[in-house]
Amino acid sequence: MDAVLIQCIVVLYKQDPEHARSLTSLLSVCAAEPGLASRIRIAVHDNSPCPAPFENRPTLPHIDYEHFPANPGLAVAYNRALSIAQDRNIPWLLTLDQDTAVDRNFLYRLLAALESDLAAQACAFVPQLVNDGVVLSPQIVGGVLYHRLPLGFYGFSHKPLVAFNSASCLKVDSVAKIGGFPAEYWLDYLDHIVFHKLQAAGGRVFVLDARLQHSLSMQYLEAEVSIDRYANVLAAEWRYVRDISSLKGRLVHRTRLLKRSTLHAFRLKNKSYAFHTLRAAIQVRFPRTVPSDAGKETTPGS
């Protein structure tokens, strides 16, 4: 039997494992493809208040469930999975949120890439996450702004990329060399800082010829993101800008926040979003991100 190649981590919050799109789709493909299933170990990290173990637990050989009612966030879950991968000599870590459905095409293209010469050149393999024909992830990191990749692009980019956590497959050794997943980014902007650090250390990100549908909660702010959660997003965003940007970058971010607060004031019924954005734009001290109920409002991840 071939060795396990991928340690997959699925993080859940207030959702039964049997109803999580990422987990059910992954298990469905693995059940139909035993050869593929033998190459993947799955860890389910459940941050829900109450445990929801599988009622109809699949008979796949490599699947573990753990419950963490204190909801420590994403970084803790990912670091635990990273440690499992290191202990078991599994070279790649696949991170999934609970709402991104994976398919056979993505998994086989990912596995083929990991078994090719590309694996020695890349620190990460990512699909295109798409909504209504628009590529949400990955994006090109510019000097000031992010730029969208064209639909259907695949290969290495000549410019740095940032990708969402969900469906990103990271080289275990590369993540370990940057110190793992930083605890201060316990939920929001964890993907941004990790991809920044990986590429700053010389890593390259390969975009797979695979597309997955993805819904971004920030596109439906009032419906899907509470005020407390949004405040945490703003704090994490400032931390990220502070950690990677020059003074010019921080000034540009303030300008961007002022523009965003104006849009929120005109477009959203709840003006608290505009107020919090404006306060973030004009504050002198940077806010701190602290694990709290703010992280319990929506699905962890981007």
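The values are calculated or read from the model by the stated rules, or taken from the named source; none is laboratory data. Here the structure is a predicted model, which is why all the values come from computation and not from measurement. Cβ sites come from the backbone with ideal geometry, for glycine too, and all protein chains shown count toward neighbours.
General observations
- Pick from segment 68-84, criterion among the small types (Gly, Ala, Ser) and within 16 Å of residue 178 (Cα to Cα), ranking: surrounded by the most Cβ atoms within 10 Å (Cβ to Cβ): 81
- All helices (runs of 4 or more DSSP H) inside segment 12-106 with 2 or more residues being on the phi > 0 side of the Ramachandran plot: none
- Leading residue by the ranking (modelled with the lowest pLDDT) among those in segment 210-231 that are surrounded by 15 or more Cβ atoms within 10 Å (Cβ to Cβ) and farther than 22 Å from residue 260 by Cα: 214
- Counting only residues that are charged (D, E, K, R) and either under 17 Å from residue 236 (Cα atoms) or not assigned by TED's automatic domain parsing to the domain that holds residue 279 (or both), segment 248-263 holds 4 of them.
- Qualifying position, being farther than 19 Å from residue 11 by Cα, crowded, with 21+ Cβ neighbours inside 10 Å and either assigned by TED's automatic domain parsing to the domain that holds residue 156 or at pLDDT 90 or above (or both), among 93, 118, 110, 36: 110
- Each residue in segment 90-130 was checked for being in contact with a Pro (Cβ under 7 Å, 6 or more places away or on another chain) and of a type in the set (A, V, I, L, M, F, W, C), and 2 of them qualify.
- Residues considered: 234, 187, 170, 198. Of these, the only one that is buried (at least 21 other Cβ atoms within 10 Å of the Cβ) and in contact with a His (Cβ under 7 Å, 6 or more places away or on another chain) is 234.
- Residue tally, condition without any contact (Cβ under 8 Å) to a residue 60 or more places away in the chain and surrounded by 11 or more Cβ atoms within 10 Å (Cβ to Cβ), over segment 135-146: 5
- Test result for residue 175, surrounded by fewer than 22 Cβ atoms within 10 Å (Cβ to Cβ) and aliphatic (A, V, I, L, M): no
- On inspection, residue 139 does not qualify as more than 21 Å from residue 100 (Cα to Cα) and not β-branched (Val, Ile, Thr).
- Residue check for residue 188: without any contact (Cβ under 8 Å) to a residue 24 or more places away in the chain and among the acidic types (Asp, Glu): no
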